[in-house]
Amino acid sequence: MRCVFSGQSISLTLDVPLAQTSVWRAVVRVLRSPADSLSCALFPCSCVLCSRSLLRFTRVPICDFCCTQLPPQTGTLCACCGEDLGIPNLSTLPGSDNPDSQPLCQPCRLAAPAFVKAVAYGSYHGELRSLVHLLKYQGMQPVAGRLGKLLAASLEAFASSADAPRQMLVIPVPMHPVKQRQRGFNHAELLARAAMAEMRRRHPQWRLHLETNLLKRVRVTVSQAGLTSHQRRQNLRGAFFAPSPGRLAGQHVLLVDDIYTTGATARACSRVLVNAGAASVRVATVARAQREGVASWDPSFLRSGFLQAAR
């Protein structure tokens, strides 16, 4: 059986009293199976990632198998930016007597970013990379809902932290108006909205406020893809501006984007926000592009970074 790719978003429980909602859901579950079977036969559609047949109505043409191939990051990550340090367990390193100390990668050790911490759900490869591309380059906006839930999962790192603020301004990394008109939407804003909806369900006590006018991209930049770290920094120099510093003063900010690659964008945006008066900036992305060869770093550097973080 194969299924139609449907954009239908109307709820079947609109205007239905809450007491009757569970009854209607039971009826829908009974009717959905034959309806799906008929639609699959009449309007076939395949998963856009693996070409397997879809077996039910969906706004996102991704099969259940591909949805399970989205594992979270594992391993020992930099306590600041989330860089994979390439080692399974830091407890084997000398000088790590303090259990509260955390490791830092070389870039964060040599030049600390303006943000407090950056988190990401998974590594930027495989099905996760393909999903990001479907949203970003192919305009499949319903994918943002799925990715937003993954982004919310990464925010659990802040939810479990005692020192993380429970009230934050959520600021998507802005696009230049020219590029946003060409694309038709800002993918970072769609991700932020989806993640906020999921976080309200998981942690209703959190107070997250979306702000799309407190950070502007004032200069057209070339695509960051394929650029070196130095070229990325040069490309973003002077690209961002905070037009209303008074509204940022003393506020805690959650900066949202799709991918953290070298950190050039996150660092540039965070620096502008902090200089405008933000009390703190935290960064959340769906994916993290990890560098190859991190396991070959000099252990003495890891020890020094570990000890510096403990001070």
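Residues whose amide H lies under 5 Å from that of ALA114, counting only those 5 or more places away or on a different chain, are ARG271; hydrogens are built 1.01 Å from N in the peptide plane. Note on ASP258: accessible area is roughly 10 Å² with a 1.4 Å probe, heavy atoms of protein only.
Using θ = phi - 60° in the Karplus curve 6.51 cos²θ - 1.76 cosθ + 1.60, the 3J(HN,Hα) couplings for the range 198-204 round to 5, 5, 5, 6, 6, 9, x Hz; x is entered for Gly and Pro. Computed on the range 113-270, with alpha-carbon pairs under 8 angstrom and 6+ residues apart, the relative contact order is 29 percent.
The values are calculated or read from the model by the stated rules, or taken from the named source; none is laboratory data. Keep in mind the model is a prediction, meaning the values are calculated, not measured. SASA here: full protein model, heavy atoms, side chains in, ligands and nucleic acids out. Shrake-Rupley method; radii C 1.70, N 1.55, O 1.52, S 1.80 Å.
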